[in-house]
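Take a look at the structure set out below.
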Amino acid sequence: MVDFVSYFRVSTDKQGITGLGMDAQREAVRRYVQNRGHIIAEFIEVESGKKHTNRPQLLAAIAECRRRRAVLLIARLDRLARNVAFIANLMNSDVEFVAVDMPHANRLTIHILAAVAEHEREMISQRTKAALAAAKARGVKMGNPHYQEALAKARAALGYKPPPAEVLSLMIEWRGQGDVLRRIAARLNGLNIRTPQGCIWYAASVGMALLRDAKARYAATVIPLYEDMALECNQASPQTSFLPEASMAVTPDIFASNAGREAKISGGSMQDLNQAYRMLDTFSSVGAHYFDVTFLDIDGAKRGFRKEQSVAQLRNSLPKLFPGLTERRNSIVVRPHSKEGVTLVQLDDLDAAALQKLERVAFLTLCTSPGNYQAWIAISKTDAHFSGAHSESTQIKDLARRLRKGTGADLSASGACRMAGTVNYKRKYETAFPTVSTASTVPGRIVTAEQLEQFGLLAAPEPVKAFPLRVSSFSGSRTWPDYARCVADAPPNRGGDGPDISRADFFFGMMASQRGHSIEEIAARLMEESTKARENGERYARITAENATAAAEKGSRRSRA
């Protein structure tokens, strides 16, 4: 079975929003992959075929193919680029690619077809320019000086009428429950509800009705909210712009609920989904191969959990999950897991100044609320830093702690973050919930510990104080419990986005005490194994060891009684 990385391109923002052209490409790719392998990653580009020099998603897809030894898969050759030199350079690289519309074509065939496609594009461009030049020579003024009036007349002539309010409410409700457009159309037809023109409903007509309604609400209420948030972010960091990129600046299906301008999401807007997809693809580009997904309510209570979700699984499920988030005021929290050779470090609660120091090493930065940022660093485990007397896991934990301390980040970061493109529902933000957004992405950026040291981002290592050993009166095996197992078996923390490390340390101390280790030995071992012990110091390790030993002794007395 072959691993494939699929690449889709649409030429306009409108196609990116509505999915025009995308469904056909996905269906062609799906049919080809069936019984041949599986898709391990997906990349989407909204770009003209003429602009073959700036294709960040294609470059990320190629990088992913190299990293995973996968085959680049496209639906049609002209979706890649209508440029002979561009395709020739790709063919000369070490990345294998297949065009679904001609899977058995050889290199000569692809060159010829690419040349024909390029010639066709050039001829279209020349004919268009010639026609415009001839019209100008005849004195024709280009464009319509009364564009808005003409547009209004055209719409009036078409006779478009919005569906009744109660029908729109049904559409929005069903969309919020995860129904696709085709299913909504079938339900309306099943109820014998017709369009305002008296026709049956189709997926396209349902989508158009929802899009027109969302645009009207968005233009009337939410644009001022996003302008205010962008202004506040830019004031906090004048060197960095947090306004949406041109390719992402599409009309979201968002509207305000009241005069307080509380942002809400209906139906999973394309802008939000694009932000989420961009975040997932960036994680995937540095080796994150699955995610644990947690759903939290506004008070931080855990409302759901999905284990080991791949990027493809999340891409398929997010459009169905997004609509219900606003109604329930839930947040999606993802914890990435990377493959061997790379460790991912989260730097949380950063200000704009701290974020600027990380621009040379971060592969992903997020704006979680106005003036508050988060950065992610991918560190290679193959360099000389990870060799020595201590275990690799201990060295990684120590490096992460030094990086957080050196950058002024939160020392207790959980390693999980809210999904970009979703509203950050926390009680402290009530009535003005911010939306998590991607501030910057650098797909494929992996750094070494030496580079972090050179850039001055690591705090100095702290020597671990050795506790004096004392022979314990307890009998039994003198082996140490498996600390990783204690963490894995620990209950969730209060936020629901990770294990409760304090409980894991306590369980470890109890089992170590039962095996005959003294309080001093247990405290010293916790300083080696537990990131929380190193972050909180020797006092925490000592108190945890004392309490665990006391609990073990109490349990021993009960069992003897």
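The values are calculated or read from the model by the stated rules, or taken from the named source; none is laboratory data. Because the structure is predicted, anything quoted here is derived from the model rather than measured. All Cβ positions, glycine included, derive from the backbone under ideal geometry; neighbour counts span all protein chains shown.
Here are a few things to note about the model shown:
- Residues of region 148-159 satisfying the condition of being modelled with pLDDT of 70 or more and either within 41 Å of the chain's Cα centre (by Cα) or in a loop (DSSP other than H, G, I, E, B) (or both): GLN148, LEU151, ALA152
- Breaking point among (1) under 28 Å from LEU403 (Cβ atoms); (2) free of Cβ contacts under 8 Å to residues at least 24 places away in the same chain, for MET279: (2)
- Selected residue (only one of SER284, SER331, SER317 is surrounded by 22 or more Cβ atoms within 10 Å (Cβ to Cβ), touching a strand residue (DSSP E or B) at 6+ places or on another chain (Cβ under 8 Å) and more than 22 Å from ALA378 (Cα to Cα)): SER331
- Here LEU344 meets each of (1) within 17 Å of GLY415 (Cβ to Cβ); (2) not in a strand (DSSP E or B) with one exception, condition (2).
- Looking only at region 178-226, and only at residues there that are modelled with pLDDT under 80 and polar (S, T, N, Q), the one that is farthest from THR435 (Cα to Cα): GLN197
- Matching option when the condition is outside the structural domain of LEU273 (by TED's automatic domain parsing), in a loop (DSSP other than H, G, I, E, B) and at pLDDT 85 or above, among ALA409, ALA459: ALA459
- Restricting region 532-541 to residues that are within 34 Å of the chain's Cα centre (by Cα) and buried (at least 21 other Cβ atoms within 10 Å of the Cβ), the residue that is modelled with the lowest pLDDT: ARG534
- Screening LEU170 with (1) modelled with pLDDT under 50; (2) over 28 Å from the mean Cα position of the chain (by Cα); (3) under 29 Å from ARG315 (Cα atoms) gives one miss only, at (1).
Each row is one residue, and each column tells you yes or no for (1) at pLDDT 85 or above; (2) over 30 Å from GLY176 (Cβ atoms); (3) not in a strand (DSSP E or B).
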residue	(1), (2), (3)
ILE298	yes, no, yes
PHE322	no, no, yes
VAL333	yes, no, no
PHE386	no, yes, yes
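- If you go through region 415-438 and keep only what is surrounded by 21 or more Cβ atoms within 10 Å (Cβ to Cβ) and within 14 Å of the chain's Cα centre (by Cα), you end up with CYS417, ARG418, MET419, ALA420, GLY421, THR422, VAL423, THR435, VAL436, SER437, THR438.
- Only residues that are part of a helix (DSSP H, G or I) and more than 30 Å from CYS417 (Cβ to Cβ) were counted in region 498-538, giving 14.
- SER412 meets all of the listed conditions (1) in contact with a helix residue (DSSP H, G or I) (Cβ under 7 Å, 6 or more places away or on another chain); (2) closer than 29 Å to ILE298 by Cα; (3) surrounded by 21 or more Cβ atoms within 10 Å (Cβ to Cβ) but one, namely (3).
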